[in-house]
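Chemist: My questions all concern the structure below.
The values are calculated or read from the model by the stated rules, or taken from the named source; none is laboratory data. The structure displayed is predicted, hence computed values, not measured ones. Virtual Cβ from ideal backbone geometry, glycine too; neighbours counted across all protein chains shown.
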Amino acid sequence: MTLTTAPAAVPDRWPDPRHAPRAPVRAAIASALLRRTAQRFGFGVVLPGGHRFGAPGPAPVIRLRRPRAFLARVGTGGLIGFGESYQAGDWDSDDLPALLQALAAHAAEIVPAGLQWLRRFYVAAMPATQDNTRGNAARNISAHYDLSNALFGAFLDETLTYSAALFDTGTEDLAEAQRRKIDRLLDATEVHAGARVLEIGTGWGELAVRAARRGARVHTITLSREQLLGARERAERAGVADRITAELRDYRDLDTGRCHDAVLSVEMIEAVGERHWPHYFQTIDRLLAPCGIAGIQAITMADERLAATRNTYTWMHKYIFPGGLIPSMPAIARVLDAHTSLRVDSDLAFGGDYARTLAIWRKRFNEAAPALADRGFDEVFARTWNFYLAYSQAGFASRYLDVHQFTLRRKP
């Protein structure tokens, strides 16, 4: 693995939010919403002096360290401000995933119906610079995946697999569960000796290596330079580099015909963007042999949640995954039906396994935080990623999010 040190991707050093235009009014609105949601959604709020309101007993809590800054930040920035207030250290929680799960379970109810008109003051549209055109896509991918191979190596397992694992037993370790996930996809797409495999989204190469060990010839593409280096080194160490071609290439620039027995893509569609979904699936359709099988793993949300949030610029876009959009399974089916000759042939949903995967990643990340700080990933970066991993875990634990592994075949 190439170990590099990258400067931490930290948020702006925000000005004092209490001095923003109309901050007192907006802070008062945020305070009213906080008191309303705490009791209804099952979490407590503890003020610096120890006074508590909201849900009693063992419920998860927000421990406010700087209440005025917290309310001003949330009042000014909405949900983005809520995340930024954690990054800035305005609040903490004894059980961050449980707190965020309580919020995620009621995401559609946070703002009362009569106050939905306020959304226009807090919700921004996705900036054009994050639309995943050829130029923007490479920059969006690099912003996350090229931070440092050392960063990802600090909390991923030995396979360096950055997607949902598929667990079998309560005692199974993460690496074994990741290999199970990969092998299940290779089995479902009938990857065997002599098979011609295309992978869109290389990661750090574990899938390509496992396919090559079966005797397949693998062409894998990525937009991450760090991942490309890591994948090539992994193939060399595994002794299968002669059966793997790994390239820095956009999926839209693949120019071969229908010659692949299997096209595989694991948690890459989330970085494509809705406007480009037709081209993504048309590319798979075009590159898949007539009797070939495509295997996709995708994070998903409910169709109604996609409809409500598809144009929303979020904290995740600003700090973690620029340009990202999570699809729904009905949306995928609509794109396939309208733009390709493919259909969903089999499907496995295992969102609970993703919650478990993320809990392990977050524990390992926090254990590695002091060593990462020595590489330039400072306290704000650690809080940013702690919030990201907990937020994601909560999304799957609350079933706001799911993950599907499915195959595509030609329509009859």
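Chemist: Taking the range 186-206 only, how many residues are crowded, with 23+ Cβ neighbours inside 10 Å and more than 18 Å from residue 283 (Cβ to Cβ)?
Modeler: Result for the range 186-206: 5.
Chemist: Please give the number of the condition residue 237 fails out of (1) in a strand (DSSP E or B); (2) out of contact with any helix residue (DSSP H, G or I) (no Cβ under 8 Å at 6 or more places or on another chain); (3) surrounded by fewer than 19 Cβ atoms within 10 Å (Cβ to Cβ).
Modeler: Looking at each condition in turn, residue 237 falls short on (1).
Chemist: Next question, about the same structure. For residue 181, only one of the following conditions fails: (1) in a loop (DSSP other than H, G, I, E, B); (2) surrounded by 16 or more Cβ atoms within 10 Å (Cβ to Cβ). What is its number?
Modeler: (1)
Chemist: Right, something else. Can you tell me how many residues in the range 246-281 are in contact with a Ser or Thr (Cβ under 7 Å, 6 or more places away or on another chain) and not in a loop (DSSP other than H, G, I, E, B)? Steps first, please.
Modeler: At the first step, the residues of the range 246-281 found to be in contact with a Ser or Thr (Cβ under 7 Å, 6 or more places away or on another chain) are 246, 248, 251-252, 254, 262, 264, 266-267, 281.
Going one step further and asking which of them are not in a loop (DSSP other than H, G, I, E, B), we end up with 246, 248, 251-252, 262, 264, 266, 281.
Final tally of qualifying residues: 8.
Chemist: Where residues in the range 336-349 are surrounded by 20 or more Cβ atoms within 10 Å (Cβ to Cβ) and not hydroxyl-bearing (Ser, Thr, Tyr), which of them is nearest to residue 389 (Cα to Cα)?
Modeler: Taking the range 336-349 and keeping what is surrounded by 20 or more Cβ atoms within 10 Å (Cβ to Cβ), we get 336, 340, 342.
The next check asks that each one be not hydroxyl-bearing (Ser, Thr, Tyr); those that pass are 336, 342.
Details: 336: 31, 342: 34 Å.
Only one residue tops the list, namely 336.
Chemist: Just give me the residues in the range 126-148 being buried (at least 20 other Cβ atoms within 10 Å of the Cβ), of a type in the set (A, V, I, L, M) and either assigned to a helix (DSSP H, G or I) or touching a Leu at 6+ places or on another chain (Cβ under 7 Å) (or both), in sequence order.
Modeler: 137, 141
Chemist: Which members of the range 344-387 meet the condition of being in a helix (DSSP H, G or I) and polar (S, T, N, Q)? Let's see the steps before the verdict.
Modeler: Of all residues in the range 344-387, those in a helix (DSSP H, G or I) come to 351-374, 379-387.
Residues satisfying the conditions are 357, 366, 384, 386.
Chemist: What is the residue count in the range 326-379 for residues that are in contact with a Phe, Trp or Tyr (Cβ under 7 Å, 6 or more places away or on another chain) and among the acidic types (Asp, Glu)?
Modeler: Summing the residues that are in contact with a Phe, Trp or Tyr (Cβ under 7 Å, 6 or more places away or on another chain) and among the acidic types (Asp, Glu) in the range 326-379 gives 2.
Chemist: Kindly establish whether residue 230 is under 29 Å from residue 330 (Cα atoms), modelled with pLDDT of 95 or more and crowded, with 20+ Cβ neighbours inside 10 Å.
Modeler: On the way: under 29 Å from residue 330 (Cα atoms): no; modelled with pLDDT of 95 or more: yes; crowded, with 20+ Cβ neighbours inside 10 Å: yes.
No, not satisfied.
Chemist: While we're on this one: Name the single residue, out of those in the range 308-343 being of a type in the set (Ser, Thr, Tyr) and part of a helix (DSSP H, G or I), that is farthest from residue 77 (Cα to Cα). Before the answer, list the steps.
Modeler: Filtering the range 308-343 down to residues of a type in the set (Ser, Thr, Tyr) leaves 309, 312-314, 319, 328, 340-341.
Filter again for part of a helix (DSSP H, G or I), leaving 309, 319.
Working: 309: 16, 319: 14 Å.
Filtering first and then ranking leaves 309.
Listed here are the residues, each with its yes/no results for (1) under 20 Å from residue 299 (Cα atoms); (2) free of Cβ contacts under 8 Å to residues at least 24 places away in the same chain.
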{"position": "141", "(1), (2)": "yes, no"}
{"position": "151", "(1), (2)": "no, no"}
{"position": "165", "(1), (2)": "yes, no"}
{"position": "171", "(1), (2)": "no, yes"}
{"position": "182", "(1), (2)": "yes, no"}
{"position": "197", "(1), (2)": "no, no"}
{"position": "201", "(1), (2)": "yes, no"}
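Chemist: Still on this structure, please answer the following. Residue check: is residue 166 of a type outside the set (D, E, K, R), part of a loop (DSSP other than H, G, I, E, B) and on the phi > 0 side of the Ramachandran plot? Don't jump to the end; show me each part of the working.
Modeler: Details: of a type outside the set (D, E, K, R): yes; part of a loop (DSSP other than H, G, I, E, B): yes; on the phi > 0 side of the Ramachandran plot: no.
Here the answer is no, as residue 166 does not meet what is asked.
Chemist: So which residues in the range 358-374 are crowded, with 18+ Cβ neighbours inside 10 Å and of a type in the set (D, E, K, R)?
Modeler: Across the range 358-374, the qualifying residue is only 362.
Chemist: Pairs, please: C-beta under 7 Å, at least 6 apart or cross-chain, first residue buried (at least 19 other Cβ atoms within 10 Å of the Cβ) and in the range 310-332, second basic (Lys, Arg) and modelled with pLDDT under 95?
Modeler: 325/310
Chemist: Please tell me if residue 305 is farther than 21 Å from residue 145 by Cα, charged (D, E, K, R) and either in a helix (DSSP H, G or I) or in contact (Cβ under 8 Å) with a residue 40 or more places away in the chain (or both). Before you say what the answer is, go through the steps one by one.
Modeler: Numbers: farther than 21 Å from residue 145 by Cα: yes; charged (D, E, K, R): yes; either in a helix (DSSP H, G or I) or in contact (Cβ under 8 Å) with a residue 40 or more places away in the chain (or both): yes.
For residue 305, the condition - farther than 21 Å from residue 145 by Cα, charged (D, E, K, R) and either in a helix (DSSP H, G or I) or in contact (Cβ under 8 Å) with a residue 40 or more places away in the chain (or both) - is met.
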